[in-house]
Amino acid sequence: MKKLYYPIIIEQNQIARGTFSMKLQCNEIAETALPGQFVNLYCREGEMLLPRPISICETDREKGILTLVYAVVGKGTESFSRLKKGDTIKVLGPLGDGFKIDESIKTHILIGGGIGVPPLVELAKHLKGEIYAFLGFAESPILVEELESYGAKVFVATDDGSAGFKGNVIELFKNKNITGGMIYGCGPKPMLKAVGKWAEDMGIKAQISMEERMACGIGVCVGCVCKIKKKEEEDWQNRKVCTDGPVFWSEEVIWDE
Amino acid sequence: MNKPDMQINIAGVELKNPVITASGTFGSGKEYSEYIDLNKLGAITVKGVSDIPWKGNDSPRIAETYGGMLNSVGLQNPGVEAFIEEDLSFLKRYDTKIIVNIVGRTVEEYCRVAERLSDTDIDMIELNISCPNVKEGGVSFGTDLLMAERITEAVKKTAKQPLIVKLSPNVTDIVSIAKAVVAGGADAISLINTLLGMAIDINTRKPILANIVGGLSGPAIRPVAIRMVYEVAKAVDVPIIGMGGIMTGEDAVEFMLAGATGVAVGMANFTNPTATIDVLNGIEDYMIRHGFNNIEEIRKSLIL
Ligand SMILES: Cc1cc2nc3c(=O)[nH]c(=O)nc-3n(C[C@H](O)[C@H](O)[C@H](O)COP(=O)(O)OP(=O)(O)OC[C@H]3O[C@@H](n4cnc5c(N)ncnc54)[C@H](O)[C@@H]3O)c2cc1C
Ligand SMILES: Cc1cc2nc3c(=O)[nH]c(=O)nc-3n(C[C@H](O)[C@H](O)[C@H](O)COP(=O)(O)O)c2cc1C
Ligand code: FES
């Protein structure tokens with residue numbers, strides 16, 4: 001059940017430049033979280049009042065451990081990176097509606113960009129069948145081994161060519177000519193839009209995890225909306241990323257501009 | 001020592017305590033009922049309701065700022081019919097008062113909502129003439145004396161429940177607006193709504209909000225709110241619901257000392273889902289510590 005917890009940080013490591021992995025002893029969330037869900041992390045500093053939404057990267061149900069992987073991009077994530085093993089942190093979760101898993105699907109295609117990769121790890125753990133993961137990064141890849149440990153065949157692209165394919169993840173993916181029964185995407189909006197377009201062209205269903213600035217994270221403030229088509233109507237409506245999503249069917253999303 | 005009497009009376013409606021939720025920050029209570037006992041609240045003010053569904057503004061709608069946040073939700077809501085069907089029936093299961101915040105683009109739209117609510121089981125109407133995101137004829141109702149009085153009068157005629165008018169702080173003279181709505185028939189006043197603000201991402205050199213400007217709330221606005229409650233309380237005789245950056249019981253007491261009878265908790269709900277109950281406990285602790293028997297005593301105890 002989603003609730004406020006004050007777990008202890010049992011590990012905090014830098015896994016790439018500006019990217020950290022934080023492990024929390026939080027049995028309740030670890031036991032119930034589903035792939036694609038997120039948690040609200042609260043800052044300690046007085047002037048930062050809104051929680052930061054961070055995806056659940058991995059859970060260990062037996063040991064009750066929750067792993068979060070985040071990039072330092074501003075004051076809030078910077079303050080998380082200064083926390084040490086043994087410190088406690090205020091967490092609300094698990095939140096949101098994650099990826100839908102269809103057991104009848106044999107081949108799964110995961111596409112992740114940068115800090116959108118973390119939720120794909122927990123997803124891979126829950127999927128049965130063949131898993132292909134295409135990951136794009138600006139420079140250093142993260143979480144490749146974790147994905148492989150859950151049976152995913154991983155392909156990496158980097159902007160500077162320092163690891164894997166030089167270029168973006170969509171080009172890499174198209175080059176490989178791999179197809180499957182379901183696509184799962186998480187990353188920057190242009191990438192998600194391209195994933196949706198490709199899925200539509202190929203006639204494959206795609207689930208994408210959307211990101212929007214949030215305040216409450218629990219469906220109250222109506223601050224985090226994206227445009228979603230109404231069923232059997234021309235019209236659209238603003239749906240909340242925090243509770244109606246973050247995962248949506250790509251065919252339903254209307255992209256701005 | 002005896003437990004202090006927390007009860008307050010606003011326009012003939014008895015609230016078991018002065019803690020109310022600020023419109024738009026508590027949905028219709030459903031989400032927070034997972035964290036707190038709604039029966040413990042004095043009243044719940046629901047998010048702004050219009051006559052037909054409103055889509056609101058584009059995203060991003062939220063920007064955190066120092067000690068506060070900007071929002072440009074633009075009053076997205078599913079309309080009064082959906083409110084009555086889904087939210088009201090839920091709220092009626094609880095022993096707390098229900099205040100419905102109503103919004104509109106024209107006088108007629110406001111009146112249609114009040115009319116539709118007239119035969120429902122709600123306790124009070126809060127007229128939101130202060131949303132910075134919606135305007136009529138270039139002037140929002142809350143910043144023009146004549147418009148403020150006219151809309152209050154029109155809604156007061158239509159409404160069957162006591163009418164609270166919620167004021168905008170985006171004016172030079174809050175007292176004259178307060179007097180105008182009291183002249184128009186307001187039974188109570190709530191203040192403040194959000195202060196118009198703006199934030200820019202210096203790296204992309206773009207405004208953070210898609211709407212460019214939005215309403216500022218949170219502790220950053222509290223001194224402005226306290227000053228306005230203080231000025232309005234001296235000038236009018238109707239009860240006041242004070243809000244703007246209340247995070248703790250101490251903050252709420254500050255509003256009461258400035259002249260507020262009720263207090264509303266807004267953005268604090270996002271920082272802390274149990275904020276309303278923490279504020280309630282904080283007020284009670286303060287009363288016990290300082291020997292106050294009831295809220296009215298606090299209200300009259302400011303030393304100048
Ligand atoms: C559902 C969801 C899952 C996410 N999962 C992850 C994850 O697993 N790892 C990770 O590193 N990041 C993730 N993010 C993005 C992360 O929430 C932001 O990077 C973070 O909030 C930035 O906070 P800050 O204080 O460091 O930055 P600031 O820029 O100082 O933050 C100021 C405000 O803007 C908000 N904000 C800034 N950037 C974003 C953004 N991109 N998305 C949403 N809000 C933002 C913050 O929450 C805060 O309220 C996720 C976002 C969402 C919506
Ligand atoms: C996300 C959000 C939505 C709001 N929606 C409404 C609304 O629908 N109607 C209204 O009268 N005020 C609305 N407000 C204003 C609050 O009710 C309150 O007046 C203001 O936020 C100041 O209080 P605070 O600092 O405690 O949040 C909203 C505020 C926020 C932050
Ligand atoms: S963050 Fe408040 S509704 Fe989604």
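The values are calculated or read from the model by the stated rules, or taken from the named source; none is laboratory data. Treat the numbers as computed from the prediction; the structure is a model and nothing was measured. All Cβ positions, glycine included, derive from the backbone under ideal geometry; neighbour counts span all protein chains shown.
Conditions (1) within 20 Å of B:ASP5 (Cβ to Cβ); (2) modelled with pLDDT under 95; (3) away from ligand 3 (no atom under 16 Å from the Cβ), marked per residue:
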| position | (1), (2), (3) |
| --- | --- |
| B:VAL224 | no, no, yes |
| B:PRO239 | yes, no, yes |
| B:ALA260 | yes, no, yes |
| B:VAL263 | yes, no, yes |
| B:ALA268 | no, no, no |
| B:ILE277 | yes, no, yes |
| B:ASN294 | yes, no, yes |
Residue count, the range A:38-54 (criterion: buried (at least 24 other Cβ atoms within 10 Å of the Cβ) and not in a strand (DSSP E or B)): 3
Residues (within 14 Å of ligand 2 (Cβ to nearest atom) and not in a strand (DSSP E or B)) located in the range B:76-99: B:GLN76, B:PRO78, B:GLY79, B:VAL80, B:PHE83, B:ASP87
Subset of the range B:20-75 that is near ligand 2 (Cβ under 9 Å from one of its atoms) and among the charged types (D, E, K, R) - its residue that is nearest to the other protein chains (Cβ to nearest Cβ): B:ARG61
Residue match in the range B:236-259 (condition: under 15 Å from the mean Cα position of the chain (by Cα) and more than 23 Å from B:ILE98 (Cα to Cα)): no
Total residues in the range B:61-71, condition surrounded by fewer than 22 Cβ atoms within 10 Å (Cβ to Cβ) and in a loop (DSSP other than H, G, I, E, B): 2
Residues satisfying the stated conditions in the range A:219-238, i.e. surrounded by fewer than 19 Cβ atoms within 10 Å (Cβ to Cβ) and more than 8 Å from chain B (Cβ to nearest Cβ): A:LYS227, A:LYS229, A:LYS230, A:LYS231, A:GLU232, A:GLU233, A:GLU234, A:ASP235, A:TRP236
Qualifying position, being crowded, with 24+ Cβ neighbours inside 10 Å, away from chain A (no Cβ under 14 Å) and modelled with pLDDT of 95 or more, among B:ILE164, B:ILE122, B:ILE129: B:ILE164
Unmet requirement for A:THR59, which otherwise passes all of (1) within 14 Å of chain B (Cβ to nearest Cβ); (2) under 19 Å from A:SER209 (Cα atoms): (1)
Qualifying residue in the range B:181-190 (condition: within 26 Å of B:ILE84 (Cβ to Cβ) and either surrounded by fewer than 19 Cβ atoms within 10 Å (Cβ to Cβ) or among the charged types (D, E, K, R) (or both)): yes
Residue within the range B:44-52 that is closer than 25 Å to B:GLU250 by Cβ and either in contact with a Gly (Cβ under 8 Å, 6 or more places away or on another chain) or part of a loop (DSSP other than H, G, I, E, B) (or both) present: yes
Candidate set: the range A:78-127, residues that are in contact with a Cys (Cβ under 8 Å, 6 or more places away or on another chain) and small (Gly, Ala, Ser); chosen: the one nearest to ligand 2 (Cβ to nearest atom): A:GLY96
Condition broken by B:ILE212, with the remaining ones in (1) within 13 Å of ligand 2 (Cβ to nearest atom); (2) farther than 20 Å from B:SER301 by Cα satisfied: (1)
Count - residues of the range A:242-252 that are surrounded by 20 or more Cβ atoms within 10 Å (Cβ to Cβ) and in contact (Cβ under 8 Å) with a residue 60 or more places away in the chain: 5
Residue list for the range B:269-281, filter: in a helix (DSSP H, G or I) and in contact (Cβ under 8 Å) with a residue 40 or more places away in the chain: B:ASN269, B:PHE270, B:THR276, B:ILE277, B:VAL279, B:LEU280
Complete set of residues in the range B:17-64 that are within 16 Å of ligand 1 (Cβ to nearest atom) and either in contact with a Cys (Cβ under 9 Å, 6 or more places away or on another chain) or under 24 Å from A:ILE228 (Cβ atoms) (or both): B:THR25, B:ASP58, B:SER59, B:PRO60, B:ARG61, B:ILE62, B:ALA63
Pick from the range B:173-206, criterion more than 20 Å from the chain's Cα centre (by Cα) and either more than 16 Å from ligand 1 (Cβ to nearest atom) or without any contact (Cβ under 8 Å) to a residue 60 or more places away in the chain (or both), ranking: farthest from the other protein chains (Cβ to nearest Cβ): B:ALA183
Where B:GLU284 falls short, out of the listed (1) farther than 25 Å from B:ARG227 by Cβ; (2) in a loop (DSSP other than H, G, I, E, B): (2)
Qualifying residue in the range A:195-207 (condition: in contact (Cβ under 8 Å) with a residue 60 or more places away in the chain and within 16 Å of ligand 1 (Cβ to nearest atom)): yes
Residue in the range A:50-68 that is over 14 Å from the mean Cα position of the chain (by Cα), within 16 Å of ligand 2 (Cβ to nearest atom) and not assigned by TED's automatic domain parsing to the domain that holds A:GLY167 present: yes
Residue match in the range A:171-191 (condition: within 14 Å of chain B (Cβ to nearest Cβ) and either crowded, with 17+ Cβ neighbours inside 10 Å or under 21 Å from the mean Cα position of the chain (by Cα) (or both)): yes
The range A:195-218 - residue that is touching a Phe, Trp or Tyr at 6+ places or on another chain (Cβ under 9 Å) and more than 16 Å from ligand 3 (Cβ to nearest atom) and, of those, nearest to the other protein chains (Cβ to nearest Cβ): A:ILE208
Out of B:THR271, B:THR276, sole residue that is within 16 Å of the chain's Cα centre (by Cα) and either within 16 Å of ligand 1 (Cβ to nearest atom) or within 14 Å of chain A (Cβ to nearest Cβ) (or both): B:THR276
Entirely in the range B:139-243, the helices (runs of 4 or more DSSP H) that have 3 or more residues that are in contact with a Leu (Cβ under 7 Å, 6 or more places away or on another chain) and under 26 Å from B:GLU109 (Cα atoms): B:145-158, B:174-183
Given (1) crowded, with 24+ Cβ neighbours inside 10 Å; (2) in contact with a helix residue (DSSP H, G or I) (Cβ under 9 Å, 6 or more places away or on another chain), number of the condition A:GLY116 does not satisfy: (1)
Subset tally (residues that are within 20 Å of the chain's Cα centre (by Cα), away from ligand 3 (no atom under 15 Å from the Cβ), over 12 Å from B:VAL100 (Cα atoms) and not hydrophobic (A, V, I, L, M, F, W, C)) for the range B:15-65: 8
